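Below you'll find the structure, written out as structure tokens, and then a few comments.
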Amino acid sequence: MRRTTTLMVLLALITATVAVPVGAAGQAPAQVDATADAQANANASANSSVAPGEQMAGVVGVTEAEFEGEMQERTFGVRIAQNASANAQSEVVAGQLADVEQRIEELEQREQRLERAHENGSMTEGEFRAEMAVVAAEKQTATRLAASSETVARGLPQTALDRSGVDLDAIATLHERAAAVGGENVSAYARSIVGADAGIGIGPTAQVDVDADGNVSVDVPGLSIGADADASGDADAGADNETSADGESGDGSTAEADSETEVSAESDGDGASVDADSETNTTTEL
Amino acid sequence: MSSTHRAVALALAAALAIGAVAGPGVAKPTQNENDEPSLVVEVQEDGDAVVTLTATYDLTSEAERDAFASLQNDESARENATRRYAARLDSVAQNASERVEREMRVPADEASVSLEERGDVGVVRYSAAWKNLAAVEDDRLVVTEPFASNYGTDRPFVLVAPDGYELTGATPSVDAEGETTATWDAGTSLDGFEATMKPGDAGGADSLPGFGVGAAVASVAGAAALALRRRRSP
């Protein structure tokens, strides 16, 4: 059986019927940012309990955490796309869920430490809010990774899930744990530091789609990867899980794998440029 | 010295040796084009500054490199990241303005985000112009907020004086100082921070004893390496 996974270049969100954005939890970043820009100033400035230095530390932490989250979500999407067989995708999901669980445990422990420090007075209100803002950003990443993992898992055959030890009920539990991180006030803490957009994906992010037949496809904006592979050695991985974004179907008789990344040189006239004149070093500047 | 420390030291030595400062209104520092986590504040003679946050990410797998490449190519994501960075710093600036007798601000149109792949490390630099960050008192430049009010840095904090200026006083004590740079190590509390700069003698001799360029490179390299390990090995 031949499987084909194609990762298309998309600079806009696709409009598939069952589309789960890996990064943005369904919110349009530009709209969120427009609102957040206004709220950030109001929230932070109005909150006299946060000193400028404390707020600055929170901004640094959240900014870095958000980019790291974006990287992780896109990396997950790429891994799914690069592994065409159901078993391989199930292994990717299993690994991702283990990582998400560890991340949630770390966030829970960090939250407890912060609560204790805040309560015993060793941490100021502003320091506490700044640290919790970072927790909020990382929580958003964990939640989205759990959601996208679940989306992929639901498109995979049970045999593949069983083989990788992926438990859909356990994913639901992870969702609940992630939602509880930071308590009910964590979003408010984050707003007081960076505005309303803490932890929200920074762009039109990778999307995992599952159609009515259980076919999984992934789209990562800004990336062109062709990954063709068969299910060799993986024959029982589920004929109902053929991964396709281009309508191809295979007979399973050939074994080929091809993956490439294209970084195209371009200039859009507004100062943005992409240089990709070497194999290992590329630079993009707005 | 390990290969990691040698690489870090070389990168920072190159960065510190450049000595140039971004011109007014240009949020693209030339001083900080190293590939180590840091927060660099490049002060200009008029009190404005360029604030650059550098973060690094592991690119050890093909999937991670592809993900980073996708962000390099994703103009919308980079624009959002740029806008957020400027908006958040502007919020801090407004907060800080209430503690100093001048209006600070961070214009959205003077910010930028760059992504660079350096082998197995992805380097992201957020830069923004910060108006009136330093107080101008005759020929002196004084930096306090937004660092004096309990800013704890998780990465080396580097203050860069305008060309021809020198650091004449700093609280807390700097961990390393070059001709126009002063560095505080990761983990330092900058509560009560104050740094004063004045036009110096030709030749730019160190104004605070005990720190030369060599010491600066060694100290910053060690601090940066620690921060790098923490970020890349969570």
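The values are calculated or read from the model by the stated rules, or taken from the named source; none is laboratory data. It should be emphasised that the depicted structure is a prediction, and the values quoted were computed from it without experimental measurement. Neighbour counts are summed over all protein chains in view; Cβ atoms, including those assigned to glycine, are modelled from backbone coordinates with ideal geometry.
Only one of (1) at pLDDT 95 or above; (2) over 26 Å from B:Ala176 (Cα atoms) is not met by B:Val41, so which one is it?
The one condition B:Val41 does not meet is (2).
Examine region A:85-100 for a residue that is of a type outside the set (Phe, Trp, Tyr), surrounded by 17 or more Cβ atoms within 10 Å (Cβ to Cβ), within 12 Å of chain B (Cβ to nearest Cβ) and farther than 17 Å from A:Val208 by Cα, and state whether such a residue exists.
No.
Take the residues in region B:91-125 that are part of a helix (DSSP H, G or I) and surrounded by 24 or more Cβ atoms within 10 Å (Cβ to Cβ), then tell me which one is farthest from the other protein chains (Cβ to nearest Cβ).
B:Ala93
Anything in region A:107-140 that is within 20 Å of A:Pro52 (Cβ to Cβ), of a type in the set (Asp, Glu) and away from chain B (no Cβ under 14 Å)? List them, or say none.
Across region A:107-140, there are no qualifying residues.
Quick test for you: out of B:Ala87, B:Ala63, B:Ala77, B:Ala67, pick the one residue that is facing chain A (nearest Cβ under 7 Å), of a type in the set (A, V, I, L, M), free of Cβ contacts under 8 Å to residues at least 40 places away in the same chain and farther than 21 Å from A:Val62 by Cα.
Of the residues listed, the single one that is facing chain A (nearest Cβ under 7 Å), of a type in the set (A, V, I, L, M), free of Cβ contacts under 8 Å to residues at least 40 places away in the same chain and farther than 21 Å from A:Val62 by Cα is B:Ala63.
Go through (1) facing chain A (nearest Cβ under 7 Å); (2) at negative phi for B:Ala128 and report which single condition fails.
(1)
Return only the number of the condition from (1) under 27 Å from A:Arg113 (Cα atoms); (2) at pLDDT 90 or above; (3) within 14 Å of another protein chain (Cβ to nearest Cβ) that A:Val186 does not satisfy.
(3)
Filter region B:162-182 down to residues that are of a type in the set (Gly, Ala, Ser), under 16 Å from the mean Cα position of the chain (by Cα) and part of a strand (DSSP E or B), then give me how many there are.
2
Yes/no per residue for (1) more than 27 Å from A:Glu131 (Cα to Cα); (2) out of contact with any Ser or Thr (no Cβ under 8 Å at 6 or more places or on another chain); (3) of a type outside the set (D, E, K, R):
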residue: B:Ala86; (1), (2), (3): no, yes, yes
residue: B:Val92; (1), (2), (3): no, yes, yes
residue: B:Arg102; (1), (2), (3): yes, yes, no
residue: B:Glu110; (1), (2), (3): yes, yes, no
residue: B:Ser127; (1), (2), (3): no, no, yes
residue: B:Ala182; (1), (2), (3): no, yes, yes
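Mind checking which residues of region B:151-167 are among the aromatic types (Phe, Trp, Tyr) and more than 14 Å from chain A (Cβ to nearest Cβ)?
Selection gives B:Tyr165 alone.
Quick one: which of A:Glu68, A:Glu73 is within 14 Å of chain B (Cβ to nearest Cβ), touching a Phe, Trp or Tyr at 6+ places or on another chain (Cβ under 7 Å) and either in contact (Cβ under 8 Å) with a residue 12 or more places away in the chain or surrounded by fewer than 21 Cβ atoms within 10 Å (Cβ to Cβ) (or both)?
Step by step, each of A:Glu68, A:Glu73 is checked, and only A:Glu68 is within 14 Å of chain B (Cβ to nearest Cβ), touching a Phe, Trp or Tyr at 6+ places or on another chain (Cβ under 7 Å) and either in contact (Cβ under 8 Å) with a residue 12 or more places away in the chain or surrounded by fewer than 21 Cβ atoms within 10 Å (Cβ to Cβ) (or both).
If A:Ser149 satisfies every condition in (1) assigned to a helix (DSSP H, G or I); (2) surrounded by fewer than 24 Cβ atoms within 10 Å (Cβ to Cβ); (3) more than 10 Å from chain B (Cβ to nearest Cβ) but one, which is the exception?
(2)
Out of B:Ala129, B:Ala186, I need the residue that is part of a strand (DSSP E or B), small (Gly, Ala, Ser) and either surrounded by 22 or more Cβ atoms within 10 Å (Cβ to Cβ) or free of Cβ contacts under 8 Å to residues at least 24 places away in the same chain (or both). Which one?
B:Ala129
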